[in-house]
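Engineer: Following this message is one structure expressed as structure tokens.
The values are calculated or read from the model by the stated rules, or taken from the named source; none is laboratory data. These figures come from a predicted structure and were not determined experimentally. Note: ideal-geometry Cβ built from the backbone for every residue, glycine included; neighbour counts use all protein chains shown. The accessibility values were calculated without ligands, DNA or RNA, using every heavy atom of the protein model including side chains. Shrake-Rupley method; radii C 1.70, N 1.55, O 1.52, S 1.80 Å.
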Amino acid sequence: MARRPEHLLLRGNIWWLRVRVPDELRSIIGKVEIRRSLKTSDATEAKRRVRIERVKTEAEFDDARRVLAQSQAKGPGSGRPVDLTGLLPVSWTLS
């Protein structure tokens, strides 16, 4: 029996990407897992799209690792505070 490619999830008749966020990046990314619709019901097309989306997801993880490394290099109390306003939902921002 053929094995389904890793990170592919069939929900209804639409294929999705599903990737677990590494533990050390969860505080930066703010999620336990990344889920994205591949917007296709065709299994062959989903296999192609999942590879593309997986590369994009890994690039996001690499960016988060850089942010984490920069914040750890500065250490606690050194430098200016991190601006998180763009990361917060609109309803959480202060006027």
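Engineer: Fully extended, how many nm does the chain gain between residue 60 and residue 23 (0.36 nm per residue separation, minus their Cα-Cα distance)?
Structural biologist: On the way: separation 37, 0.36 × 37 = 13.32 nm, distance 1.44 nm.
11.9 nm is the gain from fully extending residue 60 to residue 23.
Engineer: Rolling a 1.4 angstrom probe over the protein heavy atoms, how many square angstrom per residue are accessible across segment 13-78?
Structural biologist: Values: 4400 Å² over 66 residues.
Ligands and nucleic acids excluded, the result is 67 Å² per residue.
Engineer: Can you tally the net charge around residue 42? Count Lys and Arg as +1, Asp and Glu as -1, for every other residue whose Cβ sits under 11 Å from the Cβ of residue 42.
Structural biologist: Numbers: positive: 39, 47, 48, 49; negative: 45.
Residues near residue 42 contribute +3 overall.
Engineer: For residue 38, enumerate residues with amide H under 5 Å from its amide H, sequence gap 5+ or separate chain, H modeled in the peptide plane.
Structural biologist: Residues meeting the criterion, in which the H sits 1.01 Å from N, are 15, 16, 17.
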